[in-house]
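Everything below concerns the one structure shown next.
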Amino acid sequence: MKFAVIGGTGLIGSQVVKKLNAAGHEAVPHSPSTGVDVLTGQGVEEAVAGADCVVNLTNSPTFDDASPAFFQTSMDNLLAAAHKGGVGHFVILSIVGADQVQNLAYYRAKVLQEDILKAGPLPYSIVRATQFMEFMAATMSWTTEGDTVRLPSTPLQPIAAQDVSDTVAEVAAGSPLNATLNVGGPDVHPLDEIGRITLRARPDGRTVVTDDTAGMFAAVDGDALTTKGDARIAPTHYTDWLA
């Protein structure tokens, strides 16, 4: 099969390209660095031409109120080009529980992206993943003051980017789900405990203080960002990933 991987040079996209090509497919990465601009539409039709499947792994450059406009415009441009090009499968990556966090603009934007795809003209698959292990260091840096990291006790279920990429590549190479597949890491921890686990493995002089008003994840109610029901559970534990 031939794949156009939009956002194919990023954390997930680059691994998806590698995995699909290793499996004998032809996966081509596209991004601004290759001349594809999903907002202006420059290079989009050429990027998806002849593809059996488009995998859209682009992301908004901001997490604020500008993010819905990014997903609206980029999806409109990509879906129109893919439909014109006869693409038979369109895949996106979203977030487990995004529809349960409507007080954050970025999560509303991801739900908007899903809704645009569902209402569009193409067979589709949506992969929803939990929070990436690779982003935990940045999450801790957002609420660091001196030697103190303030983190809420919001339950999270960290997943390794490699496990997300495995799932996205598998779904893309299969028949369209016309549905959503949820995937999460094997363990659920409160975010403040994830911070402590991180600093035990990689001590840097900071300590974690529980503060349920600190940072973006303080806006999340309960266990909204963890998998439920028949979700797929990835194999990599956070402690092993840290090691």
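The values are calculated or read from the model by the stated rules, or taken from the named source; none is laboratory data. Source: prediction; values computed, not measured. Note: ideal-geometry Cβ built from the backbone for every residue, glycine included; neighbour counts use all protein chains shown. Ligands, DNA and RNA are stripped out before the accessible areas are found, and what is left, the full protein with its side chains, is counted by its heavy atoms. Shrake-Rupley method; radii C 1.70, N 1.55, O 1.52, S 1.80 Å.
It is to be established whether one or more residues within region 141-148 are among the aromatic types (Phe, Trp, Tyr) and either open to solvent by less than 60 Å² (accessible area, probe 1.4 Å) or assigned to a strand (DSSP E or B) (or both). No - not one qualifying residue is present in region 141-148. Of all residue pairs spaced 6 or more apart or on separate chains, none has beta-carbon atoms under 6 Å together with a first member in region 184-200 that is more than 16 Å from Ala138 (Cβ to Cβ) and a second member that is polar (S, T, N, Q) and in a helix (DSSP H, G or I).
A residue that is over 26 Å from Ser14 (Cα atoms) and crowded, with 16+ Cβ neighbours inside 10 Å can be found somewhere in region 155-169.
The set of residues in region 221-234 that are over 23 Å from Gln162 (Cα atoms), out of contact with any strand residue (DSSP E or B) (no Cβ under 7 Å at 6 or more places or on another chain) and open to solvent by 60 Å² or more (accessible area, probe 1.4 Å) contains only Asp221. Find the residue count for region 159-187, including only residues that are assigned to a loop (DSSP other than H, G, I, E, B), closer than 14 Å to Thr236 by Cβ and in contact with a strand residue (DSSP E or B) (Cβ under 8 Å, 6 or more places away or on another chain). The total comes to 3.
Screening Val54, Val48, Val91, Val38 for residues that are in contact (Cβ under 8 Å) with a residue 24 or more places away in the chain and over 19 Å from the mean Cα position of the chain (by Cα) leaves exactly one candidate, Val48.
A quick yes/no check of all residues on (1) at pLDDT 95 or above; (2) under 28 Å from Lys118 (Cβ atoms); (3) of a type in the set (S, T, N, Q):
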position	(1), (2), (3)
Gly184	yes, yes, no
His189	yes, no, no
Thr198	yes, no, yes
Pro203	yes, no, no
Val208	yes, no, no
Asp212	yes, no, no
Met216	no, yes, no
Asp223	yes, yes, no
Thr227	yes, yes, yes
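For Ser125, state whether it is polar (S, T, N, Q), closer than 26 Å to Pro61 by Cβ, open to solvent by less than 10 Å² (accessible area, probe 1.4 Å) and in a strand (DSSP E or B). When the stated conditions are applied, Ser125 passes them. Could you say which residue among Ala218, Ala214, Ala172, Ala201 is more than 24 Å from Val101 (Cβ to Cβ) and open to solvent by less than 50 Å² (accessible area, probe 1.4 Å)? When all the criteria are applied, what remains is Ala172. In summary, Asn103 fulfils each of the numbered conditions (1) buried (at least 18 other Cβ atoms within 10 Å of the Cβ); (2) not in a helix (DSSP H, G or I) with the single exception of condition (1).
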